[in-house]
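The values are calculated or read from the model by the stated rules, or taken from the named source; none is laboratory data. Keep in mind the model is a prediction, meaning the values are calculated, not measured. Here the Cβ is made from the backbone with ideal geometry for all residues, glycine too, and neighbour counts use every protein chain on show.
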Amino acid sequence: MFLPRSIETDHKDLIHDVSFDFHGRRMATCSSDHSIKVWDKSESGDWQCTATWKSHNGSVWHVTWAHPEFGQVLASCSFDRTAAVWEEVVGESNKKLRGQSHWVKRTTLLDSRTSVTDVKFAPKHMGLMLVTCSADGIVRIYEAPDVMNLNQWFLEHEISCKLSCSCISWNTSVSRAHSPMIAVGSNDNSPKAMAKVQIFEYNENIRKYAEAETLITATDPVHDIAFAPNLGRSFHILAIATKDVRIFTLKPVRKELTSSGGPTKFEIHMVARFANHNSQVWRVSWNITGTVLASSGDDSCVRLWKANNMDNWKSAGILKHHWSTVNVGSQLGN
C-alpha cells in the first residue's frame, strides 16, 4: 500500500521539478528561489535534506540525474539562459569538508540566447551525453568524452525546431534496430505554430539528427513529453502533457517501404486521450518498465494510467490533493 508523506522543503518560491535518482533513494528539487536541494531517504523512510545551494541566477526549471555508473551527477537548466552540470564529491583538501560530500559545479553551458527550458541525460548506453532545449527553438546535444573529467563538455549537435521548445525526451531503446531519437514539445502560441511535437532521429549517413516525424494532431501547447522505457518492444510509446493526457504509439515502417538513407518513418496512432484532470496537465512520467504512466495537473491530482491485456488504456488510480488516496490498485502498491 502506498503511504503518503509530506516534506517541508524550505524552498522560498515555487518548486518546478522533482527528480528521483536511478535507485529511488535520492531526490533533487529545484525552484524559482534559484536553488537546488538534494534529499536522501533514511532507513525509516523519511526524506532528509543533505545539500542545498544557489545554482543559477534565475528560476531553475528542471533538474535531472545521470545514471549512477557515471557517479553522483546532476544537470539543471534555468531562466538565466544556462544549463549546468553538478557532481557530488568527498572533500579532501579543505579541512572543514574532509570526509564530507558536497556538490561542485563542473561546467556551465552558455550557448542558449534565451531561457533553457529542459535538460535530460541520454540513456546510459550512449555514454555521458546531455540534451537541452530552449525558448530560442534550438535543441543542443553535449557530450563529455572523458567521464572522469566532467569539466569538459563539447557541443556535438544543434537541431533547429523553428518553434520555441518547452520539453524533451530521449527514446530509451537499446535495440540496434532503433537509432537514437529525441521527442521535442513546444508551448509556442504564435499563429504559425501548428503541430507542437517533433521527432528527431540520428542519421548515421550524415551524422546528424534529422526530423523523422511531426505529430500533426498535437496542436495545443505541450508542457511535458516522455518516451516510455522500451524493454524490447518493436515500437515506441510516447506520452504528452497538454490540456489533457495523450498516449501515442510510433511503429517503424519497414525500410524497404521508405526512401533508403533517410530517417525512419513511423505509423503514428493516438491510442489514448484522457481529459480526467479537467485542466492543464503539467507532467507525465513512466514507471521503469513503461507499463504505468503518471500524470499531474491543475486539479491537484496525480493520476495513474495502465493498459489492459487488450492494450486499452484505463485509469488505474488517483492520488488526490491533501494526499488522500483513492482507488489505487494493489498491483501498483509496490
| said: Looking for something surrounded by fewer than 13 Cβ atoms within 10 Å (Cβ to Cβ) and over 16 Å from ARG233 (Cα atoms) - is there at least one such residue anywhere in the stretch 286-295? | reply: no
| field | Single residue of the stretch 242-275 satisfying the filter (part of a strand (DSSP E or B) and among the basic types (Lys, Arg)) that is modelled with the lowest pLDDT | value | LYS251
| message | Considering only residues that are outside any strand (DSSP E or B) and either hydroxyl-bearing (Ser, Thr, Tyr) or surrounded by 16 or more Cβ atoms within 10 Å (Cβ to Cβ) (or both), which ones fall in the stretch 1-26? | response | SER6, THR9, HIS11, ASP21
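Yes/no matrix, rows are residues, columns are (1) under 24 Å from ALA228 (Cα atoms); (2) in contact (Cβ under 8 Å) with a residue 40 or more places away in the chain; (3) surrounded by fewer than 22 Cβ atoms within 10 Å (Cβ to Cβ):
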residue	(1), (2), (3)
LYS124	yes, yes, yes
ILE138	yes, no, yes
GLU143	yes, no, yes
GLN152	no, yes, yes
LEU155	no, yes, yes
VAL174	yes, yes, yes
ALA195	yes, no, yes
ILE199	yes, yes, no
| said: Quick check on THR52: is it modelled with pLDDT of 95 or more and within 30 Å of ASN171 (Cβ to Cβ)? | reply: no
| message | Out of the strands (runs of 3 or more DSSP E) lying entirely within the stretch 98-207, which hold 3 or more residues that are β-branched (Val, Ile, Thr) and either modelled with pLDDT of 95 or more or over 21 Å from the mean Cα position of the chain (by Cα) (or both)? | response | 101-109, 116-121, 138-143
| task | Taking the residues in the stretch 182-221 that are in contact with a strand residue (DSSP E or B) (Cβ under 7 Å, 6 or more places away or on another chain) and among the small types (Gly, Ala, Ser) as candidates, determine which candidate is nearest to SER169 (Cα to Cα). | result | ALA183
| note | Picked from the stretch 208-241 (must be of a type in the set (A, V, I, L, M) and part of a loop (DSSP other than H, G, I, E, B)), the residue farthest from THR264 (Cα to Cα) is VAL222
| query | Any residue in the stretch 42-54 that is surrounded by fewer than 21 Cβ atoms within 10 Å (Cβ to Cβ) and touching a Pro at 6+ places or on another chain (Cβ under 9 Å)? | reply | no
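Yes or no, residue by residue, for (1) of a type in the set (Asp, Glu); (2) in a strand (DSSP E or B); (3) out of contact with any Ser or Thr (no Cβ under 9 Å at 6 or more places or on another chain); (4) at pLDDT below 90:
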| residue | (1), (2), (3), (4) |
| --- | --- |
| HIS277 | no, no, no, no |
| TRP282 | no, yes, no, no |
| GLY290 | no, no, no, no |
| MET310 | no, no, yes, yes |
| Which one of these does THR29 not meet: (1) in a loop (DSSP other than H, G, I, E, B); (2) at pLDDT 95 or above; (3) of a type in the set (Ser, Thr, Tyr)? | (1)
